[in-house]
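Read the structure below first, then the notes.
Readers should treat all values here as calculations from the given coordinates under stated rules, not as data from a laboratory. Here the structure is a predicted model, which means the values were calculated and not measured. We place every Cβ from the backbone using ideal geometry, glycine too, and count neighbours over all the protein chains shown.
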Amino acid sequence: MTSKPNILLIYTGGTIGMIKDYETNALKAFNFEKLLDRIPELVQLNCNIDTFSFDEPIDSSNMNPEYYVTIAEVIEDNYKKFDGFVVLTGSDTMSYTSSTISFMLENLNKPVIFTGSQLPIGHLRTDAKENLITSIEIASAYKNNEPVIKEVCLYFEYKLYRANRTTKINAEQFEAFASLNYPPLAESGVHLDFNDDLLLKPKNKVEDLIVRKSLNNNVIVLKLFPGITEKAVQSILTIPDLKGVVLETYGSGNAPTYKWFIRLLEEAIKSGINIVNVTQCVGGSIILGHYETSVDLKRIGVIDGKDITTESAIAKLMYLLGEQIEQKEFKELFETPLRGELDF
Ligand code: ASP
């Protein structure tokens with residue numbers, strides 16, 4: 001690359017751009033232009049920065065599939081013009097949003113880096129400046145005339161993660177995210193060190209970006225706990241139009257062997273609902289059939305979520321359901337890594 005990289009900063013909202021409303025004492029979103037005024041250091045970076053802001057920035061608790069499409073379309077419309085994208089969202093649902101965007105952007109060949117902060121940018125001890133500045137540096141990183149990163153990532157507190165491997169684990173500390181089943185793609189210290197071997201390397205460079213916009217959110221998370229009742233499971237699995245369930249099981253994919261429980265799951269699968277087994281543990285993987293308590297799940301056709309996170313499983317369900325795939329192929333595709341979200 002001979003000229004400076006062009007980076008598009010997409011601001012959707014979140015703490016990073018919030019200020020205190022002194023009447024209510026609550027944090028609320030404010031104007032994005034003012035956000036940039038707060039970081040004069042940005043002009044020192046070796047790139048050109050352009051910005052796009054949601055008309056009404058949101059707290060990420062209000063994130064939904066319509067906003068996902070808006071973010072994906074901003075990237076699609078600007079894909080040729082820019083070398084990298086930094087998306088600012090609230091951290092609360094950042095793992096869900098960035099995971100979904102990773103599935104929506106097929107054949108991605110440029111960096112898309114999600115970041116935000118735990119403290120507003122105007123706060124003296126803010127983590128916003130480092131997160132934002134390093135994210136822009138990562139989005140601008142080039143090697144042999146190619147972007148170093150060609151996937152959707154999440155940068156927070158000195159670590160770059162594959163976005164669809166992350167989970168928000170802390171509401172207090174600056175180190176708010178973890179990626180327990182996949183190591184960080186880069187760490188920022190005195191130097192910015194990329195773990196090249198861990199990065200996604202898209203196979204076909206010439207293919208154009210395809211943006212998958214038909215998401216189906218007729219999905220739910222069913223978290224097991226000792227004492228869960230037949231009535232509760234039955235009412236969840238018979239929700240009208242339900243198409244996908246993330247079944248959060250114990251340990252390596254274990255669930256009760258009660259007859260009523262297996263029967264309800266089997267009936268749901270036969271009625272066309274896709275049920276994915278994901279562990280409640282923050283790290284580790286499903287090993288279907290390892291214990292007797294998961295043998296029945298395997299037999300009735302529960303999808304093996306392997307080491308996928310709940311956030312990524314919800315995202316992948318919404319994406320694959322939107323593609324209207326027949327149930328058998330759906331299971332195969334779900335169990336195959338499409339964007340590096342699970343191990344084979
Ligand atoms: N509530 C905020 C949000 O997710 C928290 C944050 O930005 O970290 O929008």
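Quick rundown of the values:
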quantity: Candidates GLY227, GLY284, GLY116: whichever shows maximal mean-square fluctuation once the chain is modelled as a Gaussian network with Cα springs under 10 Å; calculated: GLY227
quantity: Percent RCO, i.e. relative contact order, over the chain, from Cα pairs under 8 Å lying at least 6 residues apart; calculated: 15
quantity: Relative contact order %, segment 11-119, counting alpha carbon pairs below 8 Å whose residues are six or more apart; calculated: 36
quantity: Signed unit charges on C-beta, dipole axis of segment 253-310, positive-most listed residue ILE286, ILE275, ASN254; calculated: ILE275
quantity: Spin-label pair ILE228/GLU207, simplified geometry with 7 Å Cα→Cβ offset, distance in nm; calculated: 3.5
quantity: Cβ-based charge dipole, segment 47-200, positive-most Cα from TYR161, LEU199, THR100; calculated: LEU199
quantity: Karplus 3J(HN,Hα) series, Hz, for segment 149-162 with 6.51 cos²θ - 1.76 cosθ + 1.60 (x for Gly, Pro); calculated: 9, 10, 7, 8, 10, 10, 10, 7, 6, 6, 10, 9, 10, 5
quantity: Residue-wise HN-Hα coupling along segment 166-175, computed from phi with Karplus coefficients 6.51, -1.76, 1.60 (Hz; x: Gly, Pro); calculated: 9, 9, 6, 10, 8, 9, 10, 7, 5, 7
quantity: Quotient of C-alpha Rg and 2.2 N^0.38 Å, computed over segment 58-130; calculated: 1.17
quantity: Entries of LYS213/LYS243; LYS80/LYS203; LYS81/LYS150; LYS243/LYS331; LYS270/LYS298; LYS201/LYS331 with Cα pairs more than 21 Å apart; calculated: LYS201/LYS331
quantity: Cβ-Cβ FRET estimate between GLU73 and ILE287, R0 fixed at 56 Å, reported to 0.05; calculated: 0.90
quantity: Candidate aspartates and glutamates - alpha carbon under 12 Å from LYS143, same-chain residues fewer than 8 apart omitted; calculated: ASP196
quantity: Cα gyration tensor shape for segment 106-152, rounded if a/c is under 1.5, else prolate or oblate; calculated: oblate
quantity: P(r) tail fraction, segment 241-284 - alpha-carbon pairs more than 15 Å apart, %; calculated: 47
quantity: Value of [θ]222 nm, deg cm²/dmol, for the chain, DSSP H segments ≥ 4, -39500 (n - 2.57) each, nearest 500; calculated: -7500 deg cm²/dmol
quantity: Residue order, fewest to most beta carbons within 10 Å, for MET18, MET104; calculated: MET18, MET104
quantity: From phi via Karplus (6.51, -1.76, 1.60), per-residue ³J(HN,Hα) for segment 130-135 in Hz, x at Gly/Pro; calculated: 4, 4, 6, 4, 5, 4
quantity: Amide hydrogen neighbours beyond the local backbone of SER117, cut-off 5 Å, H modeled; calculated: THR15, ILE16, SER91
quantity: q = 0.14 Å⁻¹: log10 I(q)/I(0) that the Debye formula gives for segment 1-119, counting C-alpha atoms only; calculated: -0.60
quantity: Among ASP21, ASP307, ASP196, residue whose mean-square fluctuation peaks in a GNM of the chain (springs only between Cα atoms under 10 Å); calculated: ASP21
quantity: Global geometry of segment 131-177, whether rounded, prolate or oblate, following the gyration tensor of its Cα atoms and the 1.5 cut on a/c; calculated: oblate
quantity: Fewest-first sequence of PHE177, PHE114 by Cβ atoms within 10 Å of each Cβ; calculated: PHE177, PHE114
quantity: For segment 138-216: relative contact order, % (alpha-carbon pairs under 8 angstrom, 6 or more apart); calculated: 22
